[in-house]
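Quick notes on the structure that follows.
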Amino acid sequence: NAGVTQTPKFRILKIGQSMTLQCTQDMNHNYMYWYRQDPGMGLKLIYYSVGAGITDKGEVPNGYNVSRSTTEDFPLRLELAAPSQTSVYFCASTRRGLDTGELFFGEGSRLTVL
Amino acid sequence: DAKTTQPNSMESNEEEPVHLPCNHSTISGTDYIHWYRQLPSQGPEYVIHGLTSNVNNRMASLAIAEDRKSSTLILHRATLRDAAVYYCILSNSGTYKYIFGTGTRLKVLA
């Protein structure tokens, strides 16, 4: 199993450009999350999804959009990139039942907006 | 969402036990206590989690106070590879969210 895979690993964008960060998992997890981590700071939840077709906002959703058309994929879209979106982005997933499950993280996508 | 409070940083000598504290005074009865750690330039990784009873696994032990308002992550013998930021978070089966705080940066001295 590959686990949680994020692409690209690195990207430089110009202000106003758009891009999509891809996240896919092969563990049949129903819950998926996007976080951002600014230098020296903790993780902030951007969006999450509890299943295909269901998404919800986290702590810092402004400037981002998500979709969840399949169980495996949870892409994060930046429509008009701004320097404040320079960060490392992490995707995570978990399978949950009665117990709250262990989160599995991808390796991260480092985005720089100039 | 219930909040957690952790010290910003701690130091430990190599091969000695480390006790990382976490306060969660507003925890609800159905909140699980999770611990994750983040090594430099990596994504967070799961360490341990529990609800009421103390838990042990190959990485660490989790001691939960009787009133559940605090918990302690115990690394039995710290190694240089344990130097990381450790996050204590609460997760509830009804809210679906995992909210991370700023964590405790653990420095291990050789």
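The values are calculated or read from the model by the stated rules, or taken from the named source; none is laboratory data. The structure presented is a predicted model; accordingly, all values stated were derived computationally and were not measured. All Cβ positions, glycine included, derive from the backbone under ideal geometry; neighbour counts span all protein chains shown. These area figures cover heavy atoms from the full protein model, side chains too; ligands, DNA and RNA do not enter into them. Shrake-Rupley method; radii C 1.70, N 1.55, O 1.52, S 1.80 Å.
Quick notes on this one:
- Among the residues listed as B:L109, B:L20, the single one being at pLDDT 95 or above, loosely packed, with under 15 Cβ neighbours inside 10 Å, more than 10 Å from chain A (Cβ to nearest Cβ) and in contact with a strand residue (DSSP E or B) (Cβ under 7 Å, 6 or more places away or on another chain): B:L109
- Subset tally (residues that are part of a loop (DSSP other than H, G, I, E, B) and modelled with pLDDT of 95 or more) for the range A:1-25: 7
- Entry remark, the range A:59-103: residues being surrounded by fewer than 20 Cβ atoms within 10 Å (Cβ to Cβ) and within 20 Å of B:Y32 (Cβ to Cβ) number 7 in total.
- The residue of the range B:61-97 that is surrounded by the most Cβ atoms within 10 Å (Cβ to Cβ), among those that are within 14 Å of chain A (Cβ to nearest Cβ) and either free of Cβ contacts under 8 Å to residues at least 12 places away in the same chain or among the small types (G, A, S) (or both), is B:S91.
- Sub-7 Å Cβ pairs linking a first residue in the range B:98-110 that is closer than 12 Å to B:C88 by Cβ to a second residue that is modelled with pLDDT under 85, at least 6 apart or interchain, are B:Y98/B:S91; B:I99/B:D1, ordered by first then second residue.
- Qualifying residues in the range B:23-43 (those that are open to solvent by 60 Å² or more (accessible area, probe 1.4 Å) and hydroxyl-bearing (S, T, Y)) - the one modelled with the highest pLDDT: B:S25
- For the range A:25-49, the candidate set comprises residues that are more than 9 Å from chain B (Cβ to nearest Cβ) and out of contact with any Phe, Trp or Tyr (no Cβ under 8 Å at 6 or more places or on another chain); within that set, the residue that is surrounded by the most Cβ atoms within 10 Å (Cβ to Cβ) is A:N30.
- Odd one out for B:E16, checked against (1) over 15 Å from the mean Cα position of the chain (by Cα); (2) free of Cβ contacts under 8 Å to residues at least 60 places away in the same chain: (2)
- Complete set of residues in the range A:33-54 that are in a strand (DSSP E or B) and closer than 11 Å to A:S67 by Cα: A:Y47, A:Y48, A:S49, A:G51, A:I54
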